[in-house]
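Engineer: What follows is a single structure, and I will ask about it in a moment.
The values are calculated or read from the model by the stated rules, or taken from the named source; none is laboratory data. Predicted model only: the values in this text are computed from it and were never measured. Cβ placement follows ideal geometry from the backbone for every residue including glycine, while neighbour counts extend to all protein chains displayed.
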Amino acid sequence: MDQLDKDIINTLQYDFPVCEHPFAELAKTLNSTEDELINRVQAMLDSGLLTRFGPMYNAVNMGGALSLCAMKVPEDQFDKVTEQVNAFAEVAHNYQRNHEMNMWFVLATETQQDLINTLDAIEKNTGISVYNMPKEKEFFVGLHFKA
Amino acid sequence: MNQETENNSDNDELDRQIVLATQSGLPVVAEPYRKIAEQLNITTQLLMDRLNTMKQDNRIRRIGVVPNHYKLGYTANGMSVWDVDDAIINEVGEQLGKLDMVTHCYQRPRFLPEWSYNLFAMVHGHNREEVLDKVEQIAILLGDRARKHDILFSTKILKKTGLRLKNKG
């Protein structure tokens, strides 16, 4: 990763222009060329340094539902419950965390009703209560990752 | 009136097609929007107009890249959780969001008595000590405005597929 890669990461985390030739537009500010920027972005996607290039959609504003959910899973059932929870396509991420509430997952569904139904199904399949913690307010976050 | 309603529902369907065509990413080519517009059989200008509209009403947060923060050296993250009086949560949440170590900051419901935390802030660092240190700095900054706090480190990624809109076809 050289300075141009870092500049690309730091600039493109904020905004990729919407215009006919966006890479050519960016090349002006990044002191590079259209071809060079295209090659660099593709190379960083290929190497896994970038995980995504494109629009970031806001699921809730698209009419969908999103929630952070937590469960207290007994140690001896952890693997089984992980399998049961992960089997739901609506579970987007799932993390084990070092707390009595040791399983934290994000549910993403197209409607609020789908979300409730999925929560019910997870409780039924696992026999464990789910703490449903949808965001009530999102606070502005200014900075992204500095490369 | 009818015309307007029809236009809105046309836009809804078009926007849905645009989401489906771009949710896994844009093509890395000189004219990415033209390529997507061709796939959808619409003009590039219409696609760009719809994307700008979705940016304006915040259905699109932004268009850009997402770096793998692990590969940038930010290998540790902790979910810091805070018990803040509801009356001052806006002020505290906005203050936390401005800190350069915090990438997400949300108010969420409490579950009393076992879960009294209503403010969640994801804190990143190059290692666990750095995250702990940053959370300590936040605690000092908040002083008695935070009644208590905790930090939950992830010990294992159990699933990570990202969000996908299903194609109803």
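Engineer: Among the residues in the stretch B:52-71, are any over 19 Å from the mean Cα position of the chain (by Cα) and closer than 30 Å to A:H99 by Cβ?
Structural biologist: Looking for residues that are over 19 Å from the mean Cα position of the chain (by Cα) and closer than 30 Å to A:H99 by Cβ, one finds at least one in the stretch B:52-71, hence yes.
Engineer: Another one. Restricting attention to the stretch A:35-62, and to residues there that are under 14 Å from B:V29 (Cβ atoms) and among the hydrophobic types (A, V, I, L, M, F, W, C), which single residue is surrounded by the fewest Cβ atoms within 10 Å (Cβ to Cβ)?
Structural biologist: Once the filter is applied, the top-ranked residue is A:L45.
Engineer: Output yes when any residue across the stretch B:29-42 is modelled with pLDDT of 95 or more, facing another protein chain (nearest Cβ under 9 Å) and in contact with a strand residue (DSSP E or B) (Cβ under 9 Å, 6 or more places away or on another chain), and no when none is.
Structural biologist: yes
Engineer: Return the residues of the stretch B:49-98 that are surrounded by 18 or more Cβ atoms within 10 Å (Cβ to Cβ), within 7 Å of another protein chain (Cβ to nearest Cβ) and over 18 Å from B:M122 (Cβ atoms); say none if nothing qualifies.
Structural biologist: B:L51, B:R59, B:I60, B:I63, B:G64, B:V65
Engineer: What number of residues in the stretch B:99-111 are modelled with pLDDT of 95 or more and either more than 7 Å from every other protein chain (Cβ to nearest Cβ) or surrounded by fewer than 17 Cβ atoms within 10 Å (Cβ to Cβ) (or both)?
Structural biologist: Number of matching residues: 3.
Engineer: Confirm whether A:A27 is within 25 Å of the chain's Cα centre (by Cα) and of a type in the set (G, A, S).
Structural biologist: It is false that A:A27 is within 25 Å of the chain's Cα centre (by Cα) and of a type in the set (G, A, S).
Engineer: Ok, one more. Considering only residues that are touching a Pro at 6+ places or on another chain (Cβ under 8 Å) and among the hydroxyl-bearing types (S, T, Y), which ones fall in the stretch A:50-98?
Structural biologist: Selection gives A:T51, A:S67.
Engineer: Now for a separate question. Which one of these does A:F78 not meet: (1) facing another protein chain (nearest Cβ under 10 Å); (2) part of a loop (DSSP other than H, G, I, E, B)?
Structural biologist: (2)
Engineer: If you don't mind, another one. Given the stretch A:1-64, what helices (runs of 4 or more DSSP H) lie entirely inside it while holding 1 or more residues that are out of contact with any helix residue (DSSP H, G or I) (no Cβ under 9 Å at 6 or more places or on another chain), at the interface with another protein chain (Cβ under 8 Å from one of its Cβ atoms) and closer than 20 Å to B:T161 by Cα?
Structural biologist: A:34-47
Okay, residues lined up against (1) over 19 Å from A:Y95 (Cβ atoms); (2) in a strand (DSSP E or B); (3) outside the structural domain of B:A21 (by TED's automatic domain parsing):
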residue	(1), (2), (3)
B:V81	no, yes, yes
B:E91	yes, no, yes
B:F120	no, yes, yes
B:Q137	yes, no, yes
B:K148	yes, yes, yes
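Engineer: Hey, among A:F105, A:F145, A:F139, which residue is in contact with a Leu (Cβ under 8 Å, 6 or more places away or on another chain), over 23 Å from B:T155 (Cβ atoms) and facing chain B (nearest Cβ under 10 Å)?
Structural biologist: A:F139
Engineer: Now for a separate question. Only one residue in B:R62, B:R34 is closer than 21 Å to A:T11 by Cα, in contact with a helix residue (DSSP H, G or I) (Cβ under 9 Å, 6 or more places away or on another chain) and not hydrophobic (A, V, I, L, M, F, W, C), so which one is that?
Structural biologist: Sole residue among the options that is closer than 21 Å to A:T11 by Cα, in contact with a helix residue (DSSP H, G or I) (Cβ under 9 Å, 6 or more places away or on another chain) and not hydrophobic (A, V, I, L, M, F, W, C): B:R62.
Engineer: Restricting to the stretch B:93-116, name every residue that is of a type outside the set (A, V, I, L, M, F, W, C) and assigned to a strand (DSSP E or B).
Structural biologist: B:T103, B:H104, B:Y106, B:Q107
Engineer: For the stretch B:12-45, give me each residue that is of a type in the set (G, A, S) and part of a helix (DSSP H, G or I).
Structural biologist: Correct list: B:A21, B:A37.
Engineer: Just wondering, is there one or more residues in the stretch A:73-90 that are touching a Lys or Arg at 6+ places or on another chain (Cβ under 7 Å) and more than 30 Å from B:Q45 (Cα to Cα)?
Structural biologist: Scanning the stretch A:73-90 turns up at least one residue that is touching a Lys or Arg at 6+ places or on another chain (Cβ under 7 Å) and more than 30 Å from B:Q45 (Cα to Cα).
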